[in-house]
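Each remark here refers to the structure printed beneath this line.
The values are calculated or read from the model by the stated rules, or taken from the named source; none is laboratory data. Small disclaimer: the values here were computed from a predicted structure and weren't measured. FYI the Cβ positions are ideal-geometry reconstructions off the backbone, even for glycines, and counts take in every protein chain you see. For accessibility, only protein heavy atoms count, side chains too; no ligands or nucleic acids. Shrake-Rupley method; radii C 1.70, N 1.55, O 1.52, S 1.80 Å.
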Amino acid sequence: MRLDPADLGAFRRAVHGARILVSTHIHPDPDAIGSALAAREMLVQLGADPQVILGDDVPSRMKVLPGSETIIRYPQHPVREKFGAAVILDAGNLSRIGEPAALIAPDAVIVNIDHHFSTDGFGALNFVSRKAAATAEMLYEMCRALDLTITPDLADNLYAGLLTDTGRFRYGNTTSSVMRMAADLIDAGASIFRITDAMYYDIAPADVRSLGAVYSTLELFADGAISTLFARLDHLVEDPDAVVDTALSIRGVMVAVLMSETWEGKIRVSLRSKSAVNVALIAESFGGGGHEKAAGFRMRGTLESVRERLLPVLTDAVEKLRVKDAAEES
Ligand SMILES: [Mn+2]
């Protein structure tokens with residue numbers, strides 16, 4: 001990934017001596033929390049005064065990440081002053097951070113650091129690469145370009161993002177640079193076993209029972225190419241990514257969908273692809289966004305009604321791909 005030296009210089013100047021809001025998307029995943037905490041430490045090294053403020057709780061498995069105890073939840077914890085500068089991580093647009101957006105002054109300098117397919121380049125400074133496996137990879141490259149020290153804490157936070165956004169070094173975004181970065185982070189003191197255990201092997205007993213209930217809703221469509229799962233409010237689990245990953249790992253499935261009820265009444269839709277179906281484009285057509293292979297959106301309705309609206313679009317995408325593949329074979 002190419003970082004523009006002029007942008008890096010502008011970043012250094014914009015943050016030096018400034019009070020900075022650091023935030024990330026609601027329903028934070030480990031790349032979001034890890035990146036926010038890594039950015040906080042980088043900003044301290046750059047002479048800034050950062051504060052991580054989120055519009056959501058830190059999921060309990062991510063409390064292992066160094067610095068997570070400094071995160072403020074807004075508006076539950078009131079913050080009076082507005083910020084003249086903000087560093088926003090892993091969010092395709094500013095509304096994704098939720099209520100902390102209200103803490104950004106109208107004339108604030110916003111820095112957007114992200115790797116989403118769907119992004120509107122909302123920052124005054126945008127460090128965005130769709131090729132980066134994780135926002136953590138962008139930050140790692142920035143650390144190197146800015147000559148910052150990768151401390152063991154910083155390494156832990158970057159490793160959490162890299163590990164999880166590559167699906168434990170399994171997705172198509174697992175490049176040789178990703179592996180080199182992982183090796184560097186280990187050398188810098190990342191506690192890789194502690195982080196991996198916390199992210200994947202520390203599940204609440206109630207969540208295991210809920211997983212059983214969610215998996216039992218499995219249905220297949222389009223001759224087994226599309227799998228769907230429903231998560232009702234009483235079966236919500238801490239790591240929905242793991243659930244939809246299982247739905248995607250079913251033999252013959254090209255696209256997997258998890259539809260979850262939410263407390264605010266909308267249905268949260270998580271899409272995953274292991275084919276050429278670009279789920280970011282599908283999510284965008286429903287007002288959401290994400291990556292080519294992992295995207296999502298929210299919609300009013302019931303689990304069933306949302307599935308009814310989504311299925312024709314997915315079936316169409318799968319059929320188009322089948323026609324294309326057949327044409328290429330003949
Ligand atoms: Mn990410």
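Segment residue 144..residue 8, full-extension length gain: 47.8 nm, with 0.36 nm per residue of separation and the alpha-carbon distance subtracted.
Classify the chain from the C-alpha gyration tensor, please: rounded if a/c falls under 1.5, else prolate or oblate depending on whether a/b exceeds b/c. In terms of gyration-tensor shape, prolate. Site pair residue 49 and residue 208 shows an inter-label distance of 4.8 nm when each label is modelled 7 Å from Cα along Cα→Cβ. Remark: relative contact order (the range 5-200) = 22 percent; criterion is Cα-Cα distance under 8 angstrom and separation of 6 or more residues. Calculate the FRET efficiency for residue 315 and residue 233 from the Cβ-Cβ distance with a Förster distance of 25 Å, rounded to the nearest 0.05. It comes to 0.35. In this structure, residue 72 and residue 219 have a Cβ-Cβ separation that, at R0 = 35 Å, corresponds to a calculated FRET efficiency of about 0.25.
Here the Karplus curve 6.51 cos²θ - 1.76 cosθ + 1.60, taken at θ = phi - 60°, turns the phi angles of the range 146-154 into couplings of 8, 6, 8, 8, 8, 6, x, 5, 4 Hz, with x standing for Gly and Pro. Accessible surface calculations at 1.4 Å, restricted to protein heavy atoms, place the chain at 46 Å² per residue. Accessible area of the range 235-330 with a 1.4 Å probe: how many percent of it is carbon plus sulfur? In the range 235-330, the share of accessible area belonging to carbon and sulfur is 54 percent. Treating r as the C-beta distance of residue 179 and residue 250 and R0 as 25 Å, the FRET efficiency rounds to 0.35. Taking only pairs that are 8 or more places apart or on different chains, how many Lys pairs in the chain have Cα atoms under 28 angstrom apart? Lysine pairs satisfying the spacing and distance rule in the chain number 14.
The sum of -39500 (n - 2.57) across all DSSP H runs of n ≥ 4, divided by the residue count of the chain, sets its helix-only mean residue ellipticity at 222 nm to -12000 deg cm²/dmol.
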